[in-house]
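*Asks:* Structure provided below as structure tokens; questions to follow.
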Amino acid sequence: MTIVTPPPTAESPWPVGLLAGKVRDWIDRLGTAWVEGEITQWNSAGGNVYGKLKDLEIDATVSFSIWSSVRGKIPADLKQGDRVIAAIKPNYWVKGGSLTMQVFDMRHVGIGDLLERLERLRRQLASEGLFGADRKRPLPFLPGCIGLITGKDSDAEKDVLRNAQLRWPSVHFKVVHAAVQGDRMVGEVTAALQRLDADPEVDVIIVARGGGDFQNLLGFSDETLVRAAAAATTPIVSAIGHEADRPLLDDVADLRASTPTDAAKRVVPDVGEELQGVRQARARMGSRLTHIVNVEIDRLGQIRSRPVLARPATMIESRADELVRYVARSEELLRRALERAGTRVSELTVQLRALSPESTLRRGYSIVQLPSGAVLRDASEAPNSTPLVLTLASGTLGATSTGPVSA
């Protein structure tokens with residue numbers, strides 16, 4: 001027979017023990033449930049574990065306890081930051097008035113499930129071209145300022161700064177500290193990336209973390225962070241794991257470095273090597289220039305040793321006799337040509353004189369011309385009183401016609 005307890009009133013309140021017992025009995029009826037979350041606190045004491053489990057999406061946390069009898073049955077490598085599933089039963093402690101979750105089993109979230117989800121996201125981002133080689137931007141040869149995103153006082157920060165300064169002592173950094181694991185990691189790293197990308201002084205950005213297990217690096221495969229890196233205009237170097245680790249940020253970054261030390265070596269040139277390269281280049285240039293000058297000196301010496309330049313008069317002397325012959329021959333030919341021309345002129349003069357009217361006039365003839373200048377050939381052309389002009393062998397006379405005279 002069940003005894004029904006009347007509801008409490010101000011006149012008839014319940015004892016605290018009665019209320020606590022009812023709460024305990026009601027919670028006990030909830031039974032065991034499997035839940036998924038991230039371990040945010042893990043403290044061992046006396047063989048027992050006391051910790052907290054946080055929801056993966058919203059801000060909700062529950063405390064849990066693992067008794068020593070259960071501790072030996074669960075994975076020994078469980079720790080803070082792990083993503084797990086746990087079989088828990090709510091347990092209300094009447095004496096202390098606290099509610100805890102007693103863990104009966106706890107396991108890592110199936111790696112296969114995580115890898116499958118990660119691979120689906122990798123294929124999606126690859127199909128969008130975010131991993132394409134044509135998107136990769138070259139790193140500057142000597143960046144004026146390097147942005148570094150890493151954990152505060154971490155080994156990764158020390159490795160990058162130390163190795164970069166060893167290679168180029170005057171290198172300048174802008175360091176932004178951010179959580180590199182846990183629930184704050186994605187938001188802080190994304191904000192730091194956007195902040196450095198917007199800084200005009202920053203020439204390249206290094207995201208550095210000193211490796212870690214698969215689950216600790218999951219944040220670097222978060223879609224929000226990966227897309228923020230793809231949208232950046234400043235070259236990004238991903239140095240967040242070792243050779244065996246491959247978060248999605250490695251694929252979208254412009255350069256993947258295996259370690260923070262490797263990142264420093266890839267981003268900052270070695271001043272010693274560069275000076276040695278300059279010395280070698282100067283030596284090669286000097287050697288080449290010396291060789292060219294020596295070759296030209298030899299060529300100039302060969303040209304100067306040729307007879308035509310060594311004794312320029314030789315060329316004239318070798319042609320002097322030939323020139324004398326040509327001059328004598330030309331004089332002879334010119335003289336003969338002049339003689340032939342003189343003879344021809346004399347002949348033509350004789351012919352001209354023989355055909356000239358002057359010779360006829362010298363024999364006593366004259367040329368009678370009318371006033372118009374026309375030569376008179378017929379007496380009828382000069383009637384009486386026609387003025388006439390008579391041309392003699394020497395001089396001219398004026399006359400007047402008396403008309404034709406009968407023979």
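*Asks:* Where a ≥ b ≥ c are the square roots of the eigenvalues of the C-alpha gyration tensor, would you call the range 47-199 rounded, which needs a/c under 1.5, or, failing that, prolate if a/b is larger than b/c, or oblate? Mind showing how you got there, number by number?
*Replies:* On the way: a/c = 2.82, a/b = 1.97, b/c = 1.44.
It comes out prolate by the Cα gyration axes.
*Asks:* Counting Lys and Arg as +1 and Asp and Glu as -1, each charge on the Cβ, what is the dipole of the range 218-358 about the Cα centre in debye, to the nearest 20?
*Replies:* On the way: 21 positive and 21 negative charges, 278 e Å.
Dipole magnitude for the range 218-358 comes out near 1340 debye.
*Asks:* Determine, for the chain, the count of lysine pairs separated by eight or more sequence positions (or lying on different chains) whose alpha-carbon distance falls under 25 Å.
*Replies:* 21
*Asks:* Sticking with this structure for a sec: When you count, for each residue, the other Cβ atoms within 10 Å and take the mean per peptide, how do 186-197, 26-37 rank with the highest first?
*Replies:* 186-197, 26-37
*Asks:* Also, quick follow-up: For the range 1-117, what does the relative contact order come out to in percent, with C-alpha contacts under 8 Å and a separation of six or more?
*Replies:* Values: 191 pairs, mean separation 29.5, N = 117.
Contact order relative to length: 25 percent.
*Asks:* Here's a follow-up. Add +1 for every Lys or Arg and -1 for every Asp or Glu among the other residues with Cβ under 11 Å from the Cβ of D28, and state the total.
*Replies:* Numbers: positive: K22, R24, R29, K89; negative: D25.
Once positives and negatives cancel, what remains is +3.
*Asks:* Let me ask another. Run through the DSSP bridge list for the chain and note the antiparallel percent, rounded to the nearest 5.
*Replies:* Details: 38 of 55 bridges.
Once the DSSP bridges in the chain are tallied, antiparallel ones form about 70 percent.
*Asks:* Just check the range 131-269 against the gyration tensor rule for me: Cα atoms, a ≥ b ≥ c as the square roots of the eigenvalues, rounded for a/c under 1.5, and otherwise prolate or oblate depending on whether a/b exceeds b/c.
*Replies:* Note, shape of the range 131-269 comes out rounded.
*Asks:* Quick one: compute the contact order of the chain, relative version, from alpha carbon pairs under 8 angstrom and 6+ residues apart, as a percent. Mind showing how you got there, number by number?
*Replies:* On the way: 574 pairs, mean separation 36.9, N = 407.
Relative contact order comes out at 9 percent.
*Asks:* Across the range 120-135, in residue order, what do the Karplus-derived ³J(HN,Hα) couplings come to in whole Hz, using 6.51 cos²θ - 1.76 cosθ + 1.60 with θ = phi - 60° and x for Gly and Pro?
*Replies:* 4, 5, 4, 5, 5, 5, 5, 5, 7, x, 6, 9, x, 5, 6, 8
*Asks:* Let me ask something else. Could you tell me how many degrees, from 0 to 90 and to the nearest 10, lie between the Cα long axis of helix 185-198 and the main elongation axis, the longest principal axis, of the Cα atoms of the chain?
*Replies:* 20
Only the coordinates and a few stated rules stand behind these numbers; no lab work does. Just so it is clear, the structure is predicted and the values come from calculations on it, not from any experiment. Cβ: placed from backbone, ideal geometry, glycine included. Neighbour counts: every protein chain shown.
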